[in-house]
Every structure is written in structure tokens, then in C-alpha cells.
1. If I filter the range 163-197 down to residues being assigned to a strand (DSSP E or B) and aliphatic (A, V, I, L, M), which single residue comes out as farthest from A291 (Cα to Cα)?
2. Just wondering, is there one or more residues in the range 410-431 that are outside the structural domain of P45 (by TED's automatic domain parsing) and within 16 Å of ligand 1 (Cβ to nearest atom)?
3. Out of the strands (runs of 3 or more DSSP E) lying entirely within the range 266-371, which hold 1 or more residues that are more than 23 Å from K395 (Cα to Cα) and away from ligand 2 (no atom under 15 Å from the Cβ)?
4. Could you run through the range 426-437 and say how many residues are open to solvent by 10 Å² or more (accessible area, probe 1.4 Å) and not in a loop (DSSP other than H, G, I, E, B)?
5. Return the only residue of R110, R79, R130 being out of contact with any strand residue (DSSP E or B) (no Cβ under 6 Å at 6 or more places or on another chain), open to solvent by 20 Å² or more (accessible area, probe 1.4 Å) and not in a loop (DSSP other than H, G, I, E, B).
6. Answer yes or no as to whether A364 is of a type outside the set (V, I, T), open to solvent by less than 50 Å² (accessible area, probe 1.4 Å) and within 16 Å of ligand 1 (Cβ to nearest atom).
7. Could you please find all residues in the range 407-416 being surrounded by fewer than 19 Cβ atoms within 10 Å (Cβ to Cβ) and assigned to a helix (DSSP H, G or I)?
8. Can you tell me which condition F215 does not meet? The list is (1) of a type in the set (F, W, Y); (2) assigned to a loop (DSSP other than H, G, I, E, B); (3) open to solvent by 10 Å² or more (accessible area, probe 1.4 Å), and all the others hold.
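The values are calculated or read from the model by the stated rules, or taken from the named source; none is laboratory data. Model, not experiment: these values are computed from the prediction. A quick note on method: Cβ atoms are made from the backbone with ideal geometry, for glycine too, and the neighbour counts reach across all protein chains shown. Just so you know, the surface numbers come from the protein's heavy atoms only, side chains and all, with ligands and any DNA or RNA stripped out. Shrake-Rupley method; radii C 1.70, N 1.55, O 1.52, S 1.80 Å.
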Amino acid sequence: MDHRSAIRRRRLALPAAAVLLALGGCTGGVEGKPGAAGLRDGLFPRLGNGGYDAEHYGIVLDYDPARDHLTGRVTLDARATRDLSAFNLDFAGMEVTSATVGGERADANRAGSELTLRPADEIGKGERFRTSVAYSGTPRTLTDQDGSHEGWLRPAGGGALALGEPAGSMSWFPSNNHPADKATYDLAVTVPEGFTAVSNGELASTVTRNGRTTFTWHTGEPMASYLATVAIGRYDLKPVTTVAGLPVHTAVDRAAAKESAEVVGQLPEIVAWGKENFGPYPFSSTGVIVAPEGSAEYALETQNRPVIPADQLDTTTLVHELAHQWFGDSVTPRRWKDMWLNEGFATYAEWLWSEDHGGRSAQAHFDEVYAKPDDDEVWDFPPAEPPSAARISNKPVYERGAMVVHRIRRAVGDDAFYDLVQGWTKRYRHANASTEDFVRFVEERSDEDLTDLWDTWLYGEGKPKSP
Ligand code: TRP
Ligand code: ZN
């Protein structure tokens, strides 16, 4: 297929062609053009932006829980992937108070959740440039197409909880908000003394001055924006311990300390088990944030340390969210439709944990799902083809995704299976991978012809004829 000529031919006729050209990045024009306002993700076309590659976010926040007021400044270091006259960040709500690119004032314009910055001087392809955006206001809570809430959440007892899957991070900092563009982070958040602010990575410093405390967190491994978090509340931030040399930062909502102690105590064992099964732990620290009861409708695999609302904390959920550190956080989906690579593996990790700890076998879990009638939700669509954004957290992605993994294990045998899993987390460590990458990888590394398995379990409509 020759995209170029098709686009060129349409260029004069259709205004949309200019956008296509920008998205494709396939011509080496001398004149900079605006970067695209979205990465053409099939399920979330507006998320992410074209024309640059984010490398590092420096985020400085000041939050006043009493007024529910946030002041922020983001310093983004990025590299232009084409000549740019302007580019976008995803940012929903609040007020942008100033913006600079390369130290010079940039023109800032907002339309919905697209923030367009037009620098004084054009940016050349390959150039590294620094953008700074200052903002303030009351951050939004976003409602997903499936009705769940994300973005900036307010637990009933006070404080705040920022969660970002799939889109919510844009409610508290401007970014290239798509999993395909991972970056490192430094995040400093100032809160009234007595509050604790927990985030990803490692705690670099805690400084209290004039009744305000600044917590500074450093994330040195690439992170997708949907995995960024900040939890502000009455947390017990435990002194750092280690699992085989790996620092553990654990924060537990004080009100939930007693009831969560036992499950939180299992974390070292779960991380050690994960390493044995999935390969080296991908990040320089781990832990968990046990958020206030009812603060979110779900747990989330935020990088380094998942957020689990106290009322959702149990061993299975902790296993699931920690498994995501390998599947999702380190090996990150290229597009949102590849999310079964996250949820299928994290669900399969639950089955494996059970099997390895005297519970039901993975096969028994598989059989239980397979026994569901033809019209059960689990057979609604193939795991690799979620039909809409509203349905990306539905059962086919989780349970049928896990069934795909189990069928691979059965096809190749246990030894080859664990080699494959560990090979996968190694090959795409700290990178992005698509379903096609996965299929190709498994085909290359195994001697089996798995065409039927993919056609039936990964891409097939309806309940497969035989288990
Ligand atoms: N990823 C979370 C988990 O399984 C669940 C989740 C929360 C989610 N919010 C979401 C999935 C939004 C998809 C979209 O641990
Ligand atoms: Zn999950």
C-alpha cells in the first residue's frame, strides 16, 4: 500500500488530509507543521499527541485539601520527531497560567482536553526541547465510558487520590497521555503538615517548612502516564524495607492499618514469587498504597506500587496488581486494544498463585470459565478485539485473556511456557508491545503451530467449540 501518494492526491481536496500527513509523518518537508492532536488509537483517538517523544516529566504540585485547590507546574523534556510549528499536550480542566518552550513564552490554546502550544521558534526534527506549563484550579474527576471514575478522586475522609487508567492523568498534569509514549518522572508535592503524599518510584526527600511538607518522588524507569499516581491522605508510610535488596515503600491509610496488615505482609513473598515465575522485577522499588475505603471503585496497577482501596484489599488482588508490574507497567500495551496483554496475564497470575499455594489449579479456573453458557459476557467479544472504549475492562479482556495464556501453556508445556513468559518480559522490558508482537514472539520461540489457538481463543467470536 502506498500511503504517500494516496495522501498527496487527497491533500488539496480535503482539509483532513493535512492532519493525515501530520499523523503519518511521512514527508520530510522543510516547514514545520503542527503535531497531531491524537495518536489514532482505535479506542481512544484523542489520547496522545504526535510530533514528539516525551522523555522526562518534572511535576511540581501544591495541594490544599481544605480548598480542594491544586497549583502545578510541569517541565517536560521531549524530542521532536518531525519539524514542529506547534504541538499538543492532553490536559483536561483547571487553568493554564503560563507556558514556555525553550525558555520563551509560547502561545497556549485550549480546545476540550487538547492544549496546543505554539513556540516562538519552530522546533526542528530530532531537536530536544523543554516545555514548561503552569496551571492551577480544582482538578476534575473524569467519568469513563463504562461509568467508572478516575482522574482526581476525593476520598470521603479527606485528601485526594489521582488515578489515570485510561485517561485520568490529564486531569492533574498535562502530558502525552498515551501508553505508547513512556517517560521518566520526578514529582514533588507539597501538602499541609500531617498529610502524607505518596507516588511512584522512590521517595527522594521529605522537607517540612512553615507547616507544609514536600514529598519528592523519583521514577527512573520509563512509565506510561496512566500509571502515574499521587495519594494524599493520612497514610502511614512505613520505613523502607527490602525484598532481596529491592526497596519497599508501603503506605497504608491509617484507618485501615489493622485490617490490612496481614495482606500487606504478604507483599515480599508475592514479589519473590513473581520474580521466580515472570523474570527479574522490572523496577527499582516496589510496595503498595492501601487507599481509604471507597476511595476508588477498583484497584490500579500504578507503577512501582499499586493502589488498592482498603475495601478491595485481599491476596488475590495484590497478586493481580503486582503481576501488572511485569505485564502492563514494564511491558506496556502499544494501543489500548492490546490491554488483554495486561489483564489476561494479571488474571492468569491469580490462577497460578492459587495453583502454587494449595488452591485450585489454573486448569480448574479455566474449566470454570469454560463452563459458562454461550451467552455469558465472557464470550461477548474476542480478547484482542474490544469493540468499544466502554468495554475494555469487561470479562473477555480479563478471563478469556487468561484462557489464551493457559492454552499457550498447554500447547507448549510448562518448561517452555515459563521460558516464553520470561523471554517476553525480557524482550519488551520497559517498552511497548502489541498483540501482533506477542503472537510473533510466541511463534518464533516455540516449535508449535499455534494458528488454530490464535484464531479460536484470541481472535475468534463466541465461545470456542471445545476447551
Ligand atoms: N487495570 C485495573 C486492574 O485490573 C482495572 C481498571 C481500573 C481499569 N480502571 C480501569 C481497566 C480503566 C481499564 C480501564 O487492576
Ligand atoms: Zn488488572
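1. Here the answer is A183.
2. First, the residues of the range 410-431 that are outside the structural domain of P45 (by TED's automatic domain parsing): 410-431.
Cutting the leftovers down to within 16 Å of ligand 1 (Cβ to nearest atom) gives us none.
Within the range 410-431, none of the residues are outside the structural domain of P45 (by TED's automatic domain parsing) and within 16 Å of ligand 1 (Cβ to nearest atom).
3. On the way: elements: 286-291, 307-309, 331-333.
Fully inside the range 266-371 and qualifying: 286-291.
4. Total meeting the criteria: 6.
5. Of the residues listed, the single one that is out of contact with any strand residue (DSSP E or B) (no Cβ under 6 Å at 6 or more places or on another chain), open to solvent by 20 Å² or more (accessible area, probe 1.4 Å) and not in a loop (DSSP other than H, G, I, E, B) is R110.
6. no
7. Step one: of the range 407-416, the residues surrounded by fewer than 19 Cβ atoms within 10 Å (Cβ to Cβ) are 410-411, 413-416.
Across the range 407-416, the qualifying residues are R410, A411, D414, D415, A416.
8. Here F215 meets the rest and fails (2).
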